[in-house]
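S.K.: This structure is in structure tokens; I'll ask about it shortly.
What follows draws every value from the coordinates through simple rules; no lab data is involved. Note that the coordinates shown come from a computational prediction; the quantities given were computed from them, not determined experimentally. No Cβ is skipped: glycine too gets one built from the backbone with ideal geometry, and neighbour counts run over all protein chains shown.
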Amino acid sequence: VQLQASGGGLVQAGGSLRISCVASVSIFSIDVMGWFRQAPGKQRELVAAISRDGSGSYDESVKGRFTISRDNAKNVVYLQMNSLKPEDTAVYYCNAWPRMYLSWGQGTLVTVSS
């Protein structure tokens, strides 16, 4: 298993969650890591990305609410999610970006109730 996401759960709209993704390989040399999500019946989409120097970029749908971070020493990527909305409900995954060459893993389910 190369990527293991955790920390998801059920939260009410307006609430917060922090999810984590641990890699079984070193991410130090990976220029960009991303968080993706896949809602039921929809394609997987990139929601946030972080470069090796810590610069983050975000999809418009999460900008100002989500914050991505990484700890290269621990091979972990985090996603802090605030002001959650029902439309954020999805399974969340991490992977390298733009070449998603690591094994995806099971992801972590985030469910936001209205």
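S.K.: Tell me, what HN-Hα J-couplings in whole Hz come from the Karplus equation 6.51 cos²θ - 1.76 cosθ + 1.60 at θ = phi - 60° for each residue of the range 106-114, using x for Gly and Pro?
M.R.: 7, x, 10, 7, 10, 10, 10, 8, 8
S.K.: Which lysines, if any, have their Cα less than 22 Å from the Cα of K63, not counting same-chain residues under 8 positions apart?
M.R.: Answer for K63, where 22 Å is the Cα cut-off: K42, K85, listed by chain and number.
S.K.: In addition: Would you mind classifying the range 1-48 by shape? Square roots of the alpha carbon gyration tensor eigenvalues, ordered a ≥ b ≥ c; an a/c under 1.5 is rounded, otherwise it is prolate if a/b is larger than b/c and oblate if not. Write down the numbers at each step before the final one.
M.R.: Details: a/c = 2.10, a/b = 1.57, b/c = 1.34.
Verdict is prolate for the range 1-48.
S.K.: Might you report the magnitude of the Cβ-based charge dipole of the range 12-114 about its Cα centre, with Lys and Arg at +1 and Asp and Glu at -1, to the nearest 20 debye?
M.R.: Working: 11 positive and 8 negative charges, 23 e Å.
The dipole of the range 12-114 has a size of about 120 debye.
S.K.: How do 66-73, 90-97, 43-50 rank on mean C-beta neighbours within 10 Å, highest first? Mind showing how you got there, number by number?
M.R.: Numbers: 66-73: 16.8, 90-97: 23.0, 43-50: 18.2.
Ranked by mean Cβ neighbours within 10 Å, highest first: 90-97, 43-50, 66-73.
S.K.: Beyond 19 Å, how much of the Cα-Cα pair distribution for the chain remains, as a whole percent? All intermediate terms of the calculation are to be shown ahead of the outcome.
M.R.: Numbers: 2408 of 6441 pairs.
In whole percent, the share of Cα-Cα pairs in the chain beyond 19 Å is 37.
S.K.: Just to verify a number: FRET efficiency for R18 and A73, C-beta to C-beta distance, R0 = 25 Å, to 0.05? Don't skip to the end; give the middle numbers.
M.R.: Details: r = 18 Å, r/R0 = 0.73.
Working from the Cβ atoms, E equals 0.85.
S.K.: Where Lys and Arg each count +1 and Asp and Glu each count -1, what net charge lies around G105 among other residues with Cβ under 14 Å from its Cβ? Let's see the in-between values first.
M.R.: Details: positive: R37, R44; negative: none.
Every neighbour counted, the sum reads +2.
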